[in-house]
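One structure is given below, encoded as structure tokens.
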Amino acid sequence: MLLEQVPRIDEISKEDFIKYYLDPQRPVVVNKFASDWPAYEKWSLDYMREVAGEQEVPLYDDRPVSYKDGFNQPHARMKMGAYIDLLETKPTNYRIFLYNLLKEVPRLQKDFSWPDIGLKLVRQLPMLFFGGKGSRVFMHFDIDYSNILHFHFHGKKQCVIFPPDQSDYLYKIPHSLIAREDIDFDDPDYEQWPALRHAKGYITNLEHGDMLYMPEGYWHYMKYETPGFSMSLRAFPRRTSNLIKAAYNVFFMRHFDNYMRRIKGQRWIDEKNAKAVINTHRKLGINL
Ligand SMILES: O=C(O)CCC(=O)C(=O)O
């Protein structure tokens, strides 16, 4: 894998964001973008415990996809307060993924403002993500091919991202949004996954208040270096081809995948995992 640093800037106007990043679909990190928001002072794990401690939240760990679970089905539930205690006391794989906490706890919405940056952000979908020290978010892209503004709080996080045109090298699982889960994207085994040698992407490290812009359909793998949390704001894709793919995923693919899990069970998951390797190697003419 060839990873270059995501470009970083200290501030940006709407015009420049559109011209240099949104139109050409290039990622960027804006350092301390959130520094003007009340969230910059307030948002910490202690504050989340205070305002949302009693909320029951869905949790995911890094177990491989099983036919017994539905598409994106949580692995456990816990009170937010107990979850934050866990995050603060020991490393844990439990993560909160794609949770609309701001709907459950509306006062959090007063802590930030919607950036005026040339994106039509979807007001109903400010999603929060939490992770413990060392927890990893498998390599995936988002079902709706949105443009994503990803803000990080409290701790440090590393993000490895790839443009959609790198999909051929990433061992994509058919009928899903993920790459092979047994690839260690921190230190890939190129003997086992030779196609990854060709993949060209970006890496960046986010700290409290930083914002990463991920263009439409970008693959992302995230590692929480300390306990922390992030908020993603999203704008639906502007490219028609991505809108069509998003509609296909939302209205057909995930239901088809759930149906096949019920019909074929684990065989369906195993077949898809095998196909990810066959398809990738065939496209690149690799014979192992
Ligand atoms: O950082 C995370 O926990 C996951 C973030 C993510 O997948 C997203 O923003 O779409």
Condition set hydroxyl-bearing (Ser, Thr, Tyr) and over 12 Å from residue 212 (Cβ atoms), scope region 1-49, selection farthest from the chain's Cα centre (by Cα): answer is 13
Note: among 117, 143, 148, just one is within 12 Å of the chain's Cα centre (by Cα), under 21 Å from residue 237 (Cα atoms), more than 9 Å from the ligand (Cβ to nearest atom) and buried (at least 16 other Cβ atoms within 10 Å of the Cβ), namely 143
Is at least one residue of region 22-32 polar (S, T, N, Q), under 23 Å from residue 155 (Cβ atoms) and assigned to a helix (DSSP H, G or I)? no
- Task: Looking only at region 40-53, decide whether some residue is charged (D, E, K, R), part of a helix (DSSP H, G or I) and surrounded by 15 or more Cβ atoms within 10 Å (Cβ to Cβ).
- Result: yes
Notebook entry, point to check: Looking at region 58-81, is at least one residue modelled with pLDDT of 90 or more and assigned to a helix (DSSP H, G or I)?
Noted result: yes
The correct count of residues that are touching a residue at least 24 places away in the same chain (Cβ under 8 Å) and either out of contact with any Leu (no Cβ under 9 Å at 6 or more places or on another chain) or not in a loop (DSSP other than H, G, I, E, B) (or both) in region 153-199 is 29
Those residues of region 158-173 which are within 13 Å of the chain's Cα centre (by Cα) and more than 13 Å from the ligand (Cβ to nearest atom) amount to 162
Filtering region 183-207 for residues that are of a type outside the set (S, T, N, Q) and within 17 Å of the chain's Cα centre (by Cα) leaves a count of 9
Problem set entry | Hey, residue 207 touching a Pro at 6+ places or on another chain (Cβ under 6 Å), more than 12 Å from the ligand (Cβ to nearest atom) and charged (D, E, K, R) or not | no
The residue from 217, 155 that alone is within 13 Å of the ligand (Cβ to nearest atom), more than 25 Å from residue 122 (Cα to Cα) and buried (at least 16 other Cβ atoms within 10 Å of the Cβ) is 155
In the set 95, 77, the lone residue that is loosely packed, with under 15 Cβ neighbours inside 10 Å, out of contact with any helix residue (DSSP H, G or I) (no Cβ under 8 Å at 6 or more places or on another chain) and not acidic (Asp, Glu) is 77
If we keep only residues of region 128-137 that are part of a strand (DSSP E or B) and buried (at least 20 other Cβ atoms within 10 Å of the Cβ), then the residue farthest from the ligand (Cβ to nearest atom) is 128
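The values are calculated or read from the model by the stated rules, or taken from the named source; none is laboratory data. Note that the structure is predicted; figures quoted are calculated from it, not measured. So basically every Cβ, Gly included, is an ideal-geometry build from the backbone, and we count neighbours across all protein chains shown.
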